[in-house]
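Everything on this sheet refers to the single structure shown next.
The values are calculated or read from the model by the stated rules, or taken from the named source; none is laboratory data. Keep in mind the model is a prediction, meaning the values are calculated, not measured. Cβ atoms come from the backbone with ideal geometry, glycine included; neighbour counts cover every protein chain shown. The protein model used for the area step is the full one, side chains on, heavy atoms only, and it has no ligands, DNA or RNA in it. Shrake-Rupley method; radii C 1.70, N 1.55, O 1.52, S 1.80 Å.
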Amino acid sequence: MTDRPSRAALGPVGLVLVGIASVQLGAAIAKALFDVVSPTAMVWLRLVTSAVVLVALARPRLRGRSREDWLVVVGFGASLATMNWAIYQSFARIPLGIAVTIEFIGPLTLAVLGSRRARDLAWVLLAGVGVLLLGFERTDLDLAGVLFALLAGAAWAAYILLSAGTGRRWAGFDGLAVASLVAATAMTLPALLTAGSDLWDGRVLLLGALVGLLSSVIPYSCELVALRSLRPAVFGILMSLEPAAAALAAIAVLHETLSPVQWLAVACVVAASVGATRTGARQDAPGTIAT
């Protein structure tokens, strides 16, 4: 009897972890292609792929929607476009693991603002130590890359909140499909203006579609489902695994190695995520009383 809440919590937590691994593998593959196609064009290929797949699968119902429904889903789409574009601009200039670490300031701030118990704050602080160790060990970071990462972090925090709101107002994957279409449409003109003829190369299109599946379709679908039963604050703490996943994906795909201090940072964020997962599972379990 006592194991049921824990087993139930593994569902949304597992979905978030799958999304994390998928999105960072996709990011590493995308960065490897930046010498062929611009980051903006790669973002567009990613968003178009996700929009086509999700609209085909969900066939979203558009009639009978309220003004509030449309405002939430358009805001969700805007946050997707901004977050994706900004982080791609960032890791085009600085290492992938560092970019994602700085980006994490957004959801980390959201987790701090949403925490209700002292132990939640303790895990956030531990994750923050990891962010500082991993993100600021290097002093020769490109300023534009850092600023783009901060912008991506702000959009990421907005994404967390708007994704939860979209999941409550739009059934199934309807909202995600519409938001992806909004994001792809918003990025079309910038992509066409910055892309060269290589954008239409068959290999680039194929790899762009792969990036779209890994970085958008899989993670956003997993997270949208998870956020229906996971508090935004707990979700934000779980996302502290993103820097570690990004650093590992960069090692595997881009050969961007980690220093000992950066490995210590990885240990900090992993420990914080495990602790937050255990705390969140107990706090959100059915029948418990929030304090």
Roughly speaking, what is the centre-to-centre gap between the stretch 155-233 and the stretch 26-42 when only Cα atoms are used, to the nearest Å? 16
Between LEU206 and SER229, what is the spin-label point distance in nm, taking each point 7 Å from the Cα along the Cα→C-beta axis? 3.9
Where in the stretch 154-169 does the amide nitrogen come within less than 20 Å of the point 7 Å from the Cα of ARG65, taken along Cα to Cβ? 158-169
Which sequence of ARG59, ARG203, ARG228, ARG67 reflects their accessible areas, 1.4 Å probe, from the largest down? ARG59, ARG67, ARG203, ARG228
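Ignoring ligands, DNA and RNA, how do PHE148, PHE173, PHE104 rank by accessible area with a 1.4 Å probe, largest first? Don't skip to the answer; put the middle values down first.
Working: PHE148 45, PHE173 85, PHE104 0 Å².
Sorted by accessible area, descending: PHE173, PHE148, PHE104.
For the stretch 8-66, which whole-number percentage of the solvent-accessible area (1.4 Å probe, protein heavy atoms only) is attributable to carbon and sulfur atoms? Walk me through the intermediate numbers first.
Values: 1730 of 2510 Å².
Percent of accessible area from carbon and sulfur atoms in the stretch 8-66: 69.
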Between PHE34 and LEU189, with labels modelled 7 Å along Cα→Cβ, what's the label distance in nm to one decimal, could you check? 2.6
Per-residue accessible area, 1.4 Å probe, largest first, puts ASP174, ASP198 in the order ASP198, ASP174
GLU256 accessible area, nearest 10 Å², 1.4 Å probe? 50
